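Below: the structure, in structure tokens.
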Amino acid sequence: MTATIDPAGPTSRIYFSQRLRLHYVDWGNPDAPPLLLIHGGRDHCRNWDWVAAALRKDWHIIAPDLRGHGDSQWSPDGNYSMAGYIYDLAQLIHQQALAPVTIVAHSLGGNITLRYAGIYPDHVRRLVAIEGLGPSPRMQAERARKTIDERMRRWIDEQRGLSGRLPRRYASIEDAFKRMQEENKHLSPDQARHLTQHGVNQNEDGTYSWKFDNYVRAWAPYDMTDGDVEHLWTRIACPTMLIYGKESWASNPLEDGRIRHFSNAKVVSFEGAGHWVHHDRLDAFLAELRGFL
């Protein structure tokens, strides 16, 4: 039976990180062990509502909006570094005294969380990353072949392009809903409508735009080296589950060799699922998740 969403929903709360006003939702049950749900790029915290509804009786669930996403503040200079995202997560866990915490994260959120767990191995009790290892080794190798001047020029051109890119406006929520359905064919109409309603703001002229900052689309010209990231993966001490959809574009770490950097991880793949496994195969995902947690 698919989890139903509590119409009352969670409570919205605010915390501060690097002077940014960041938003998260709290599903209550503070006496239960903490469970963080971290969304992916160009997404928002309410994409976890079905998972939260299924687990909230056993866990104290907190789901943040990443900087530049959802109802969190946008970065004033348009920069969204991995270090900044990791700091935001560290601040939320520190300020709310959540450690050791269990974390379930998707895509960009998984990338952030896997690095955090390597920086603070004793702060994470269990970790689930849905397609969160980032670009495949092949893509990383292609990127590494570009010199820093090439990467910087590309980034500057991309920033200039984004500076002139106005947020897309939809005449109605129905139009935005149709775009959501186009993006993920696995979504049911109810799922797509819920994600759309929580993923848009109404503009002053009555149109609707997605909440995320267009600058989050830019790929930073430099980051931790592959060796640095792999080192952090080796430091993860908690049981870890890496989830992949068999219809996704993402590279499976069992097949590309990245699983060798993890000392206590297993990979689980789902038939009939793309990049958003927790939407595409919700019931099967919840069954696997409950068993692991």
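The values are calculated or read from the model by the stated rules, or taken from the named source; none is laboratory data. Note that this is a predicted model, so its numbers are computed, not measured. A quick note on method: Cβ atoms are made from the backbone with ideal geometry, for glycine too, and the neighbour counts reach across all protein chains shown.
One line per residue, one yes/no per condition, for (1) under 30 Å from Glu150 (Cβ atoms); (2) in contact (Cβ under 8 Å) with a residue 60 or more places away in the chain:
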residue	(1), (2)
Tyr208	no, no
Asp213	yes, yes
Val216	yes, yes
Gly227	yes, no
Trp233	yes, yes
Phe292	no, yes
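Can you tell me which residue in the range 163-188 is surrounded by the most Cβ atoms within 10 Å (Cβ to Cβ), limited to those that are free of Cβ contacts under 8 Å to residues at least 12 places away in the same chain and more than 21 Å from the chain's Cα centre (by Cα)?
My answer is Lys178.
For the range 210-241, give me the residue count where each residue is farther than 30 Å from Lys178 by Cβ and outside any helix (DSSP H, G or I).
Total satisfying the criteria: 12.
Report, by residue number, each residue of the range 248-280 that is free of Cβ contacts under 8 Å to residues at least 60 places away in the same chain, in a loop (DSSP other than H, G, I, E, B) and either over 22 Å from Glu182 (Cα atoms) or out of contact with any His (no Cβ under 8 Å at 6 or more places or on another chain) (or both).
Result: Asn252, Phe262, Ser263, Asn264, Glu271.
Scan the range 25-38 residue by residue and report those that are of a type outside the set (Asp, Glu) and surrounded by fewer than 23 Cβ atoms within 10 Å (Cβ to Cβ).
Gly28, Asn29, Pro30, Ala32, Pro33, Pro34
Conditions first: (1) of a type in the set (Val, Ile, Thr); (2) farther than 30 Å from Leu162 by Cα; (3) surrounded by fewer than 17 Cβ atoms within 10 Å (Cβ to Cβ). Thr225 passes all but one, so which condition is the exception?
It is condition (2) that Thr225 fails.
Going by the conditions given, is Leu92 aliphatic (A, V, I, L, M), on the phi < 0 side of the Ramachandran plot, part of a loop (DSSP other than H, G, I, E, B) and at pLDDT 95 or above?
Judged against the criteria, Leu92 is not a match.
Do the conditions hold for Tyr80, that is, is it over 26 Å from Gly28 (Cα atoms) and either surrounded by 18 or more Cβ atoms within 10 Å (Cβ to Cβ) or at pLDDT 95 or above (or both)?
Yes; evaluated as a whole, the condition is true for this residue.
For the range 57-74, how many residues meet the condition of being in contact with a Gly (Cβ under 7 Å, 6 or more places away or on another chain) and surrounded by fewer than 22 Cβ atoms within 10 Å (Cβ to Cβ)?
1
Which residue pairs have Cβ atoms under 7 Å apart, sit 6 or more places apart or on different chains, and have a first residue in the range 125-138 that is modelled with pLDDT under 95 and a second that is in a strand (DSSP E or B) and of a type outside the set (S, T, N, Q)?
Short answer, once both residue conditions are applied: none.
Conditions tested, residue by residue: (1) touching a Phe, Trp or Tyr at 6+ places or on another chain (Cβ under 7 Å); (2) aliphatic (A, V, I, L, M); (3) farther than 17 Å from Glu230 by Cβ.
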{"position": "Arg115", "(1), (2), (3)": "no, no, no"}
{"position": "Ile119", "(1), (2), (3)": "no, yes, no"}
{"position": "Ile130", "(1), (2), (3)": "no, yes, yes"}
{"position": "Ala141", "(1), (2), (3)": "no, yes, no"}
{"position": "Arg153", "(1), (2), (3)": "no, no, yes"}
{"position": "Tyr170", "(1), (2), (3)": "yes, no, yes"}
{"position": "Ile173", "(1), (2), (3)": "yes, yes, yes"}
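Considering only the range 244-263, I want to know if a residue exists there that is touching a helix residue (DSSP H, G or I) at 6+ places or on another chain (Cβ under 6 Å), at pLDDT 95 or above, farther than 30 Å from His123 by Cβ and not aliphatic (A, V, I, L, M).
no
Restricting attention to the range 243-293, which residues are of a type in the set (D, E, K, R) and under 27 Å from Asp228 (Cβ atoms)?
Listed by number, the residues that qualify are Glu255, Asp256, Arg258, Arg260, Lys266.
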